[in-house]
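Worksheet for the structure shown next.
Computed from the coordinates by the stated procedures, all read-outs in this text should not be read as laboratory data. Remember, it's a predicted structure, so these values are computed and weren't measured experimentally. Heads up, the Cβs are rebuilt from the backbone with ideal geometry, glycines too, and the neighbour counts pull from every protein chain shown.
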Ligand code: PEP
């Protein structure tokens, strides 16, 4: 049995006060969530604040990005070791916004994946197709290519220490959710692909769905066999909606 995981991706949102209120709100209701793992990924600068507020709780935290280099002349970057210094358990890798807005390549994403796993941080590797790719029946090819780039560099064993998030780009922040069956089909495709490399790793791997998950659609999505939780953007920004999704995963 795979544990369900709900991870919030706060993106570029918040302030010290908003972070405090959001975390206090989450802590106010999370005690009822006993059967799901929960994590939040704030902007880098709020990681120390979140770490302090969450340290005695069941909620984990992570970064939204990372630099694969440990130290040196990489202005503006944050290393895996720095994230770990503040107790991060997870790091989001290859989010579609980073692929599209910051031109992150499959190669760079694979380097980050390897650096994270080697240091003991769990990467949440995001993959997903554009609307035109889905309409052209290219979804499986796109997902296969994104995963293969990581597999080729990392090897299947490193996937034992990772999480994958299937996030169709057309469903992110748009209010359009993949139907539970559309999502399940891609999740199964991903698991089958990894199954060919190592059945045990594939069976244990948590594959999250991301794309306009809300409290009212979460339960149906999470009920699907290969959907092991969610990566949540917009709905992770208020305690009520995030807790509603965590409860659906419970
Ligand atoms: C995301 O950005 O990872 C995401 C899933 O966003 P949203 O839930 O807002 O669609």
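Let me have the relative contact order for segment 195-235, percent, based on Cα pairs under 8 Å that are six or more residues apart. Let's see the in-between values first.
On the way: 40 pairs, mean separation 18.2, N = 41.
Result for segment 195-235 is 44 percent.
Take residue 160 and residue 32, extend 7 Å from each Cα along the Cα→Cβ direction, and tell me the distance between the two endpoints in nm.
Calculated label separation equals 3.8 nm.
Which order do 52, 97, 225, 77 fall in if you start with the one that has the fewest other Cβ atoms within 10 Å? Don't jump to the answer; show the numbers that get you there.
Numbers: 52 12, 97 20, 225 9, 77 15.
So the residues, fewest neighbours to most, are 225, 52, 77, 97.
Modelled label-to-label distance, residue 102 and residue 75, 7 Å Cα→beta-carbon offset: nm?
1.6
Please arrange 212, 57 by counting, for each residue, the other beta carbons lying within 10 Å of its beta carbon, fewest first. Kindly include the intermediate steps, with their values, before the conclusion.
Values: 212 20, 57 14.
Exposure proxy ranking, most exposed first: 57, 212.
What percent do you get for the relative contact order of the chain when only Cα pairs under 8 Å and 6+ apart count? Can you show the working numbers first?
On the way: 483 pairs, mean separation 57.3, N = 250.
Across the chain, relative contact order equals 23 percent.
Over 5 Å intervals from 0, what percent of Cα-Cα pairs in the chain sits in each interval?
The percentages, shortest bin first, are 1, 7, 15, 19, 21, 18, 12, 6, 2, 0.
Based only on the alpha carbon positions, what is the Kirkwood hydrodynamic radius of segment 154-250, in angstrom?
After inverting the mean inverse Cα-Cα distance, the result is 13.7 Å.
For segment 24-102 and segment 188-214, what is the centre-to-centre distance using only Cα atoms, to the nearest Å?
Distance between centres, Cα-based: 22 Å.
How big is segment 101-228 by Rg and Dmax over its Cα atoms, in Å?
Spelled out, the Cα radius of gyration and Dmax of segment 101-228 are 14.1, 39 Å.
What list do you get for 161, 187 if you sort them by fewest beta carbons within 10 Å?
Numbers: 161 17, 187 22.
Ascending number of Cβ neighbours within 10 Å: 161, 187.
Give me the distance in nm between label points sitting 7 Å out from Cα along the Cα-to-Cβ direction at residue 84 and residue 203, one decimal.
3.0
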